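The values are calculated or read from the model by the stated rules, or taken from the named source; none is laboratory data. As the structure is a computational prediction, the values presented were derived from the model and not from experiment. Note that each Cβ is placed from the backbone with ideal geometry, even for glycine, and that neighbours are counted across all protein chains shown. Surface areas here come from the heavy atoms of the whole protein model, side chains and all, with no ligands, DNA or RNA. Shrake-Rupley method; radii C 1.70, N 1.55, O 1.52, S 1.80 Å.
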Amino acid sequence: MERVVQFTAPRQVEVAEHESAPLPPGHLRVRTRYSGISAGTELTAYRGTNPYLTRSWDPAARLFREDAAGLSYPVAGWGYSEVGEVTEVSPELAGTPGLPALGDLVWGIWGHRSEGVVPAERMAGHTLPAGLDPLAGSFARVGAIAYNAVLAAGIHVGEDVAVFGQGVIGLLATRLAALNGGSVTAVDALGTRLERAAEHGAARTLNARTDAVAEGIRAATEGRGADVAIEISGAYAALHEALRSVVVDGRVVAAGFYQGDAVGLRLGDEFHHNRVRLVCSQIGGVPPELAGRWDQQRLQQTFLRLVADGRVEVLPLVSHVVPAAEAADAYALLDERPEAALQVVLEF
């Protein structure tokens with residue numbers, strides 16, 4: 001039997017059971033060990049705010065259409081950060097160079113389910129690095145999202161960088177920006193997360209609730225402002241403060257998943273007067289100037305190599321490992337008490 005975590009309605013979670021499907025040609029079967037929950041994208045489906053629940057995406061036109069919803073409840077198998085063991089290989093693939101073999105531990109995307117049936121070509125190069133804790137492998141995708149934002153920021157050694165939002169992806173962005181040579185100011189509304197940011201390489205921290213953030217960043221940079229800001233919380237107020245915090249002709253990388261109308265974002269203020277460049281970072285693509293040599297695969301593989309080499313630590317970010325049967329409690333925790341959790345991982 002296969003177990004699948006699904007949302008049956010806003011804030012309603014169940015674990016459904018289905019008969020395991022036969023393995024089609026060209027596929028691998030992977031028994032899930034860990035599956036990381038995204039506290040950003042997944043909570044939009046859990047809460048009912050995801051745009052796909054009210055509109056549909058037209059991939060040819062690259063537009064959302066208002067005529068129909070692209071998703072409806074139950075939403076099954078959401079999730080994009082899985083690790084598991086290969087338990088079955090389609091017979092014609094046995095021994096194919098570059099593909100995982102029976103018994104290998106692999107990382108990839110097959111959703112919050114006890115087993116994944118995955119096209120083999122998608123798993124090429126996805127064997128877990130030797131010696132890496134399988135739990136760390138569940139960070140491949142979230143690490144790539146942070147990595148992509150840092151690449152979009154175009155940080156140079158010695159530049160001042162502000163990272164808004166110090167959840168899991170924000171903390172990883174802080175660490176990667178520091179490794180890239182930036183002097184990082186970490187911004188968040190939760191003091192506990194700012195403490196983590198200091199541990200991950202932030203040179204200074206500012207509390208969005210109690211500090212004058214833009215003024216503090218300018219004071220720390222001789223009045224200039226940050227050379228670049230990365231906004232990864234998905235809050236419009238934070239995006240607005242990021243726009244206020246950068247130098248004239250500075251860059252703001254918007255990497256959060258913003259929901260609803262942009263209340264609090266005033267583009268006639270500092271954005272307009274300081275000629276700020278606003279850049280979107282989204283994991284569907286890398287910065288255009290890097291597309292000839294970077295892609296999602298390289299982002300994920302390079303991030304896991306940094307983890308395996310000890311240059312980025314991810315295991316301290318795991319606050320809860322929850323049995324998959326208790327998935328409803330895991331989502332409620334992230335939704336209602338975000339200050340009490342960082343990376344929540346489902347264990348199958």
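Applying the selection to the stretch 331-348, what residues are in a helix (DSSP H, G or I) and of a type in the set (Asp, Glu)?
Within the stretch 331-348, 335, 336, 339 meet the criteria.
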(request) Output the residues belonging to the stretch 120-144 that are part of a helix (DSSP H, G or I) and either touching a Ser or Thr at 6+ places or on another chain (Cβ under 8 Å) or without any contact (Cβ under 8 Å) to a residue 24 or more places away in the chain (or both). (result) 120, 122, 140, 141, 142
(request) Answer with yes or no whether residue 151 is surrounded by fewer than 21 Cβ atoms within 10 Å (Cβ to Cβ) and in a helix (DSSP H, G or I). (result) yes
(message) Just the residues that are small (Gly, Ala, Ser) and under 24 Å from residue 17 (Cα atoms), please, taken from the stretch 292-337.
(response) 324, 325, 327, 328, 330, 332
(request) Residues being outside any loop (DSSP other than H, G, I, E, B), open to solvent by 50 Å² or more (accessible area, probe 1.4 Å) and over 24 Å from residue 226 (Cα atoms): count how many of those fall in the stretch 266-304. (result) 4
(message) Looking for something more than 22 Å from residue 166 (Cβ to Cβ) and assigned to a loop (DSSP other than H, G, I, E, B) - is there at least one such residue anywhere in the stretch 316-330?
(response) no
(request) Kindly provide the set of residues from the stretch 199-236 that are over 20 Å from the mean Cα position of the chain (by Cα), among the aliphatic types (A, V, I, L, M) and open to solvent by 30 Å² or more (accessible area, probe 1.4 Å), ordered by number. (result) 203, 208, 212, 219, 220
(message) Restricting to the stretch 18-49, count the residues that are at pLDDT below 95 and assigned to a strand (DSSP E or B).
(response) 1
(request) Return the pairs, sorted by first residue and then second, in which the second residue is open to solvent by 50 Å² or more (accessible area, probe 1.4 Å) and among the basic types (Lys, Arg), the first residue lies in the stretch 8-30 and is closer than 24 Å to residue 326 by Cα, the beta carbons are less than 8 Å apart, and the residues are 6+ apart or on different chains. (result) 10/47; 11/47; 15/3; 16/3; 17/3
(request) Kindly check whether there is at least one residue in the stretch 106-116 that is surrounded by fewer than 21 Cβ atoms within 10 Å (Cβ to Cβ) and part of a strand (DSSP E or B). (result) no
(request) Pairs only if they're at least six apart or on different chains, beta carbon under 7 angstrom, first in the stretch 175-196 and touching a residue at least 12 places away in the same chain (Cβ under 8 Å), second of a type in the set (Phe, Trp, Tyr) and open to solvent by 30 Å² or more (accessible area, probe 1.4 Å); list them, first residue then second. (result) 176/147
(request) Tell me which residues, restricted to the stretch 1-17, are open to solvent by 80 Å² or more (accessible area, probe 1.4 Å) and not in a strand (DSSP E or B). (result) 1, 11
(request) State all residues of the stretch 242-265 that are over 24 Å from residue 141 (Cα atoms), out of contact with any Lys or Arg (no Cβ under 8 Å at 6 or more places or on another chain) and either surrounded by fewer than 14 Cβ atoms within 10 Å (Cβ to Cβ) or among the hydroxyl-bearing types (Ser, Thr, Tyr) (or both); if no residue qualifies, say none. (result) 260, 261, 262, 263, 264
